[in-house]
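Student: Got a structure for you, questions after.
The values are calculated or read from the model by the stated rules, or taken from the named source; none is laboratory data. All figures in this text were calculated on a predicted structure; none of them were measured in a lab. Virtual Cβ from ideal backbone geometry, glycine too; neighbours counted across all protein chains shown.
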């Protein structure tokens, strides 16, 4: 058995701040989000599915339990480095 790397998007899920908004916003968010258990199903699928093989290494698991190839822009090493450095620069003043 070898190690594999997959990126995962569990879907748009309701969070606590979304529940503290106006009724109108709450209704719109309810239409745009999925039940949290669907996000859990995606995580379980990515972790224990026997259909994910080594040929899927470096791929993408999207909602709700679909294996897809990663977008080309996500595989760009230069863009990945920029993304890695940006959050570190954002939190540096707070450290």
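Student: Which of the numbered conditions does residue 61 fail, given that it passes all the others? Conditions: (1) outside any loop (DSSP other than H, G, I, E, B); (2) in contact (Cβ under 8 Å) with a residue 12 or more places away in the chain; (3) surrounded by fewer than 15 Cβ atoms within 10 Å (Cβ to Cβ); (4) within 14 Å of the chain's Cα centre (by Cα).
Tutor: Single failed check for residue 61: (3).
Student: Then there is this: For region 41-58, give me each residue that is outside any loop (DSSP other than H, G, I, E, B) and free of Cβ contacts under 8 Å to residues at least 12 places away in the same chain. Steps first, answer last, please.
Tutor: Going residue by residue through region 41-58, those that are outside any loop (DSSP other than H, G, I, E, B) are 41-48, 54-56.
Matches in region 41-58: 44, 47, 48, 55.
Quick grid of which residues meet (1) at pLDDT 85 or above; (2) touching a helix residue (DSSP H, G or I) at 6+ places or on another chain (Cβ under 8 Å); (3) surrounded by 13 or more Cβ atoms within 10 Å (Cβ to Cβ):
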site: 11; (1), (2), (3): no, yes, yes
site: 52; (1), (2), (3): yes, yes, yes
site: 75; (1), (2), (3): no, no, no
site: 78; (1), (2), (3): yes, no, no
site: 83; (1), (2), (3): yes, no, no
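Student: A follow-up question, please. For residue 34, are the conditions met, namely being touching a helix residue (DSSP H, G or I) at 6+ places or on another chain (Cβ under 7 Å) and in a loop (DSSP other than H, G, I, E, B)? First the steps, then the outcome.
Tutor: Numbers: touching a helix residue (DSSP H, G or I) at 6+ places or on another chain (Cβ under 7 Å): no; in a loop (DSSP other than H, G, I, E, B): yes.
Here the answer is no, as residue 34 does not meet what is asked.
Student: From the residues in region 13-31 that are at pLDDT below 80, outside any helix (DSSP H, G or I) and over 19 Å from the mean Cα position of the chain (by Cα), which one is surrounded by the most Cβ atoms within 10 Å (Cβ to Cβ)?
Tutor: Across region 13-31, the extreme among qualifying residues is 21.
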